[in-house]
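For reference, the structure is listed below as structure tokens.
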Amino acid sequence: MSLTIVALLFAFGVGLVFSEVFIPGGIVGVIGTLLIITAIGAAFVQHGLVEGSVFLTLACLAGFAFFHFAMNKLSLKAEQSREDGASAIGVGFQSLLGKSGQVQTVLRPIGTARIDNNPVDVVTRGEWISPGTVIEVIEVEGNRVVVRARES
């Protein structure tokens, strides 16, 4: 096998491994890895220690590059605060303070209430509240929304 064919096998294998980021499933990456190993083996056996070492070093560099590329592709780009997490679902929890709503499930003391036409996980200060009861938000701490039955 000529050195050109070994280099083409190696390059095609690296290309398949990098395409694994876009084509998940593992088969493309496994085939690419096998091609890289075949190219390295052929370089060592047919062309000697120097050529084999060059391909092995290139494989290590390609592996580091792939890892860096894959981590950048898979990682989040923006930092998110607790308040942003609440607004990501359409409800800014701090904005609920003082608002009224209606209990959807039995609050024992945790359950769901509908506030501003949105279902919100809420908690009481220990009391049980029946479905249909009008409640008001008395405290918000992060994503913890504390309610009490509204006095008539």
Among the range 133-152, those whose backbone N falls under 19 Å of a label point 7 Å along Cα→Cβ from Asn118 are 135-148
Per the rule of 0.36 nm per residue minus the C-alpha distance, extending Leu34 to Arg108 adds in nm 20.9 nm
Given unit charges at Cβ for Lys, Arg (+) and Asp, Glu (-), the dipole magnitude of the chain about its Cα centre in debye, nearest 20, is 200 debye
Hydrophobic long helices for the chain, i.e. whole DSSP H runs reaching 30 angstrom or more by Cα along the axis with Kyte-Doolittle mean at least 1.0, come out as 49-74
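Given the DSSP H assignment, sum -39500 (n - 2.57) over each helix run of at least 4 residues in the chain and divide by its residue total; what's the result at 222 nm in deg cm²/dmol, nearest 500?
Result for the chain: -14500 deg cm²/dmol, rounded to the nearest 500.
How about the range 89-145: which GluC sites (Glu not before Pro) there lie in a loop by DSSP and see at most 14 other Cβ atoms within 10 Å? Show your work: numbers first, answer last.
Values: sites: Glu127, Glu136, Glu139, Glu141; in loops: Glu127.
The qualifying sites are Glu127.
Calculate the translational D of the chain in whole µm² s⁻¹ from Stokes-Einstein, where the hydrodynamic radius comes from the Kirkwood formula applied to all Cα pairs, the temperature is 20 °C and the viscosity 1.002 mPa s. Intermediate results must be reported in sequence, preceding the final value.
Numbers: Rh = 20.1 Å.
This corresponds to a translational diffusion coefficient of 107 µm²/s.
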Of the residues Thr57, Gly26, Leu3, the Cα lying farthest along the dipole of the chain towards its positive end, which is defined by charges on the beta carbon of Lys, Arg, Asp and Glu, belongs to Gly26
Stretched fully, the stretch from Met1 through Lys73 gains (0.36 nm per residue minus C-alpha distance, one decimal, in nm) 22.3 nm
Counting only DSSP beta bridges fully inside the chain, the antiparallel percentage to nearest 5 is 90 percent
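All of the numbers you see were taken from the coordinates with simple rules; none came from a lab. All values reported here derive from a predicted model rather than from experimental measurement. Here the Cβ is made from the backbone with ideal geometry for all residues, glycine too, and neighbour counts use every protein chain on show.
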